[in-house]
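Trainee: Dumping the structure here so I can ask a few things about it.
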Amino acid sequence: MAKFTTHDGLELNYTVWEGDGVPVVLQHGIVADTNANWMSVGVVAALRKAGHHVISLDARGHGRSEKPHDPARYSWRAMADDVRALYDELGLDRAAQVGYSMGGIISLLVAQADKRVERLVIGGIGSGVVDCGGIDWRVIESADIVTAMTADPAEIVPNARIFRLLADALGVDRDAIAMVATGLNEAPIENLSAITIPTLVLAGDADPFAAEPERLAAALPDAKCVVVPGDHLAAVADPAFSSALVDFLK
């Protein structure tokens, strides 16, 4: 594990596993971190077994990274800039960018802005990106996640309960996550047609946050869709998820 400092002075934690080929950069979902989203479910192990050079970033407000309690420190653009700054920190001139849920939207923004991204994998998101420009507000709003982090469990809407359960299981700073969700209240995705690199859309067959993933794939010029078993939390842990990821990155 190592740290670097962002343009606005935050210390972010990242982990590197040495390997061969184009570096695979992982960005986790909201509430989660490198361990919860990628290590504990076998994704890192599968990538390392295939010989990949793997890098994972704990987003601002998450994991071992700094967690300011100020919503102004969080935005989609800032988090995408953090990923690109990590590329600079490590001197990467090529990357395969992989993101899940929140990290999927961040990864789309990175791919839009940075020609160093040669391949893109986005999981845990679907047609909400096409229709809503980011988070699928038809299923959940950022305010629902704020409530899930700060309110009594009885006040949490059903689709947000998994985020509170995950937060409590991981022992995260729930106030920081509430600030993250407050900052991520915009619709950042405007032009999917500009992302012309090969892309894989990965989604669980029972994931309400990744409905109609084939529509997201169809909106990207060079994308394919793979559906694996599981809901939002379980899909990334299914061996089919890691298998599809490794196959795509060959």
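The values are calculated or read from the model by the stated rules, or taken from the named source; none is laboratory data. Keep in mind that this is a model prediction, so the values were computed, not measured. So basically every Cβ, Gly included, is an ideal-geometry build from the backbone, and we count neighbours across all protein chains shown. Note: areas computed on protein heavy atoms with side chains; ligands, DNA, RNA excluded. Shrake-Rupley method; radii C 1.70, N 1.55, O 1.52, S 1.80 Å.
Trainee: Cβ-Cβ below 6 Å, separation at least six or inter-chain, first residue in region 104-121 and closer than 11 Å to residue 188 by Cβ and in a helix (DSSP H, G or I), second open to solvent by 10 Å² or more (accessible area, probe 1.4 Å) and of a type in the set (D, E, K, R): which pairs?
Mentor: Listed by first residue and then by second, the contacts come to nothing, as the list is empty.
Trainee: Right, another one. In region 131-147, how many residues are within 30 Å of residue 217 (Cα to Cα) and part of a helix (DSSP H, G or I)?
Mentor: Qualifying residue count, region 131-147: 7.
Trainee: Give me a count of the residues in region 229-240 that are crowded, with 20+ Cβ neighbours inside 10 Å and part of a helix (DSSP H, G or I).
Mentor: Going through region 229-240 one residue at a time, the tally reaches 2.
Trainee: Would you please name the residue that is most open to solvent (accessible area, probe 1.4 Å), looking only at residues in region 196-228 that are in contact with a strand residue (DSSP E or B) (Cβ under 7 Å, 6 or more places away or on another chain) and part of a loop (DSSP other than H, G, I, E, B)? Walk me through how you get there before you give the answer.
Mentor: Filtering region 196-228 down to residues in contact with a strand residue (DSSP E or B) (Cβ under 7 Å, 6 or more places away or on another chain) leaves 197-205, 210, 213-214, 216-217, 220, 222-228.
With the extra rule that they be part of a loop (DSSP other than H, G, I, E, B), the set shrinks to 197-198, 205, 220, 222.
Details: 197: 35, 198: 39, 205: 106, 220: 7, 222: 75 Å².
Applying the filter and picking the extreme gives 205.
Trainee: Continuing with this model, one more query. Checking residue 171 against (1) more than 17 Å from residue 28 (Cα to Cα); (2) more than 17 Å from the chain's Cα centre (by Cα), which single condition isn't satisfied?
Mentor: (1)
Trainee: Please determine, by comparing only the residues of region 137-173 that are small (Gly, Ala, Ser) and open to solvent by less than 40 Å² (accessible area, probe 1.4 Å), which one is farthest from residue 39 (Cα to Cα).
Mentor: 151
Trainee: Also, quick follow-up: Consider residue 176 carefully, then state whether it is more than 30 Å from residue 116 (Cα to Cα), open to solvent by 60 Å² or more (accessible area, probe 1.4 Å) and at pLDDT 95 or above.
Mentor: In short, no.
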